[in-house]
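S.K.: Here it is, the structure in full.
All of the numbers you see were taken from the coordinates with simple rules; none came from a lab. Please read these numbers as outputs of a predicted model, since none were measured by experiment. Note that each Cβ is placed from the backbone with ideal geometry, even for glycine, and that neighbours are counted across all protein chains shown.
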């Protein structure tokens with residue numbers, strides 16, 4: 001679970017996104033960061049029970065810096081107004097499929113799958129979906145998966161180059177990303193049962209992540 005004080009800090013940060021305010025509230029940030037790291041540790045331990053492929057993950061492997069890189073952005077705000085917990089094989093910034101919790105007031109959600117793959121990974125995933133379509137379709141239409149998620153992601157208008165427009169998998173081949181999202185609210189993320197319920201949702205996502213990761217391993 002996440003403490004209400006963490007959400008309160010992030011809400012205040014969004015309203016006072018400057019270095020002077022942040023410096024004055026550094027202890028509150030450190031408490032919020034520790035809170036998210038505690039969640040990361042609990043989720044990593046739980047996910048490893050049904051997806052051992054993620055290996056041993058420390059909280060630092062699952063957390064991004066709160067400091068924004070504003071060099072090439074019109075928005076010069078120095079800090080992100082969210083905390084994210086990303087759990088994937090090899091830690092953050094690998095190309096493997098992930099399990100993700102987004103912590104931001106009024107924009108809380110669970111997510112996972114593949115987002116913004118490299119061209120090489122994108123091609124490998126499309127190929128795997130095309131040649132293993134029955135397996136892929138059985139995963140995304142599985143009752144447990146559909147209880148929590150629906151596959152999302154930006155798509156091409158036409159079949160990607162090198163793939164048959166008449167392939168039964170063509171609608172999935174058009175995807176540039178294959179991810180899932182489930183909105184949650186503050187009451188859910190602050191509830192003592194949050195980790196337990198989240199692990200159930202992520203267990204339903206595991207077959208899809210395993211499908212993607214196998215294709216990446218075979219590149």
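S.K.: Quick one: among 37, 120, 58, which has the greatest mean-square fluctuation in a GNM of the chain with alpha-carbon springs under 10 angstrom?
M.R.: Its mean-square fluctuation being the largest, the pick is 120.
S.K.: Treat each spin label as a single point 7 Å out from the Cα along the C-beta direction, and report the residue 200 to residue 120 distance in nm.
M.R.: 4.1 nm
S.K.: GNM, the chain, Cα, under 10 Å: largest mean-square fluctuation among 140, 86, 157?
M.R.: So, out of 140, 86, 157, the one fluctuating most is 157.
S.K.: Percent relative contact order of the stretch 67-219, based on C-alpha pairs within less than 8 angstrom and at least six residues apart?
M.R.: Values: 202 pairs, mean separation 40.6, N = 153.
Relative CO of the stretch 67-219 lands at 27 percent.
S.K.: For the chain, modelled as a Gaussian network with Cα springs under 10 Å, which listed residue fluctuates most, 32, 15, 97?
M.R.: Comparing 32, 15, 97 in the GNM, the peak value goes to 15.
S.K.: Would you please report the Å³ per residue occupied by the convex hull of the alpha carbon atoms in the stretch 71-219?
M.R.: Dividing the Cα hull volume of the stretch 71-219 by its residue count gives 144 Å³.
S.K.: Taking all pairs of different Cα atoms in the stretch 1-118, averaging 1/r and flipping that mean, what Kirkwood radius in angstroms comes out?
M.R.: Values: mean 1/r = 0.0661 Å⁻¹.
Radius from the Kirkwood sum: 15.1 Å.
S.K.: Just want to confirm a number: the relative contact order over the stretch 9-60, from Cα pairs under 8 angstrom separated by 6+ residues, in percent.
M.R.: Values: 21 pairs, mean separation 14.5, N = 52.
Relative contact order, the stretch 9-60: 28 percent.
S.K.: Okay, next question. Would you mind getting me the FRET efficiency between residue 73 and residue 152? Use the beta-carbon distance for r and R0 = 25 Å, nearest 0.05. Display every interim value, and only then the final one.
M.R.: Values: r = 25 Å, r/R0 = 1.00.
For R0 = 25 Å, the calculated efficiency reads 0.50.
S.K.: Let me ask you something else. What does the convex hull of the Cα atoms come to per residue for the stretch 169-219, in Å³?
M.R.: 107 Å³
S.K.: Any idea how far the Cα center of the stretch 199-213 sits from the one of the stretch 124-163, in Å?
M.R.: The stretch 199-213 and the stretch 124-163 have Cα centres spaced 14 Å from each other.
S.K.: Follow-up. Rounded if a/c is under 1.5, else prolate if a/b beats b/c, else oblate: with a ≥ b ≥ c from the C-alpha gyration tensor eigenvalues square-rooted, which is the stretch 98-145?
M.R.: Oblate, because a/c is 1.5 or more while a/b does not exceed b/c.
S.K.: Sticking with this one: What shape does the stretch 107-175 take by its C-alpha gyration tensor, where a ≥ b ≥ c are the square roots of the eigenvalues and a/c under 1.5 counts as rounded, a/b above b/c as prolate, and the rest as oblate?
M.R.: Here the stretch 107-175 falls in the oblate category.
S.K.: What is the extension gain from residue 144 to residue 16, computed as 0.36 nm multiplied by their sequence separation minus the C-alpha to C-alpha distance, in nm to one decimal?
M.R.: Gain on stretching residue 144 to residue 16: 41.9 nm.
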